[in-house]
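Colleague: Below: one structure in structure tokens.
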Amino acid sequence: MSHDATPARDRILDYYAAFNRGDADAMLACLAPDVVHDINQGGRETGREAFAAFLARMARCYREQLHDIVVMVSDDGSRAAAEYIVEGEYLSDDEGLPPAQGQHYRIPGGAFFELGATGIRRVSNYYNLSEWIAQVEGRARPAG
């Protein structure tokens, strides 16, 4: 890893440490003011305010921890990718998804990032929504 990649790796790891602490303010502090957020199998939102609203909905509907986080960074530090395991509990109904009844789930996930001088400029999250639905509906066992 080059010297330019180290700050990017640290920023991504700080972002995920804040996620695991449930510290939305610290997550937002890692982001550029005009951050672009690509929601898994959803739309694209822009700005910290939109990201804060997304985090508030997530905190209401889910309790999640990320494990086995691996971060890969381009040599120049401008792009990164992360892979992880999401362990969670579905707490409250989320729009367009099955009813929440405290179901537990465990799925692999990943994200792609663009980074700049003002912080993380883009976050694109990905996981297998069909597998998540199967787990919360009791049709599949959480991944080992």
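Colleague: So, residue 12, is that one β-branched (Val, Ile, Thr), modelled with pLDDT of 95 or more and over 30 Å from residue 101 (Cβ atoms) or not?
Modeller: Numbers: β-branched (Val, Ile, Thr): yes; modelled with pLDDT of 95 or more: yes; over 30 Å from residue 101 (Cβ atoms): yes.
In short, yes.
Colleague: Does at least one position in the stretch 99-111 carry a residue that is at pLDDT 95 or above, in contact with a Gly (Cβ under 6 Å, 6 or more places away or on another chain) and of a type outside the set (A, V, I, L, M, F, W, C)?
Modeller: For the stretch 99-111, residues at pLDDT 95 or above, in contact with a Gly (Cβ under 6 Å, 6 or more places away or on another chain) and of a type outside the set (A, V, I, L, M, F, W, C): present.
Colleague: Shifting gears a bit: Return the residues of the stretch 65-78 that are within 23 Å of residue 121 (Cα to Cα) and free of Cβ contacts under 8 Å to residues at least 40 places away in the same chain; say none if nothing qualifies.
Modeller: Passing the criteria: 70, 72.
Colleague: A follow-up question, please. Give me the strands (runs of 3 or more DSSP E) completely within the stretch 40-144, filtered to those with at least 2 residues that are surrounded by 14 or more Cβ atoms within 10 Å (Cβ to Cβ), ordered by residue number. Spell out the reasoning first.
Modeller: Numbers: elements: 44-46, 62-73, 79-90, 104-116, 119-127.
Once the strands (runs of 3 or more DSSP E) in the stretch 40-144 are filtered for at least 2 residues that are surrounded by 14 or more Cβ atoms within 10 Å (Cβ to Cβ), what remains is 62-73, 79-90, 104-116, 119-127.
Colleague: Hey, does the stretch 11-25 have a residue that's closer than 26 Å to residue 137 by Cα and surrounded by 15 or more Cβ atoms within 10 Å (Cβ to Cβ)?
Modeller: Pass one, the stretch 11-25, residues closer than 26 Å to residue 137 by Cα: 19-20, 22.
When the remaining residues are screened for being surrounded by 15 or more Cβ atoms within 10 Å (Cβ to Cβ), the result is 19.
Yes, the conditions are met somewhere in the stretch 11-25.
Colleague: Considering only residues that are among the small types (Gly, Ala, Ser) and free of Cβ contacts under 8 Å to residues at least 12 places away in the same chain, look in the stretch 85-143 and name the one that is nearest to residue 74 (Cα to Cα).
Modeller: My answer is 117.
Colleague: Here's a follow-up. Could you please tell me which pairs satisfy a Cβ distance under 6 Å, a separation of 6+ or placement on different chains, a first residue in the stretch 34-59 that is more than 21 Å from residue 20 (Cβ to Cβ) and of a type in the set (Val, Ile, Thr), and a second residue that is at pLDDT 95 or above and buried (at least 16 other Cβ atoms within 10 Å of the Cβ)?
Modeller: Listed pairs, sorted by first residue: 36/122; 46/36.
The values are calculated or read from the model by the stated rules, or taken from the named source; none is laboratory data. It should be emphasised that the depicted structure is a prediction, and the values quoted were computed from it without experimental measurement. Ideal geometry is used to build each Cβ from the backbone, glycine not excepted, and the neighbour counts take in all protein chains shown.
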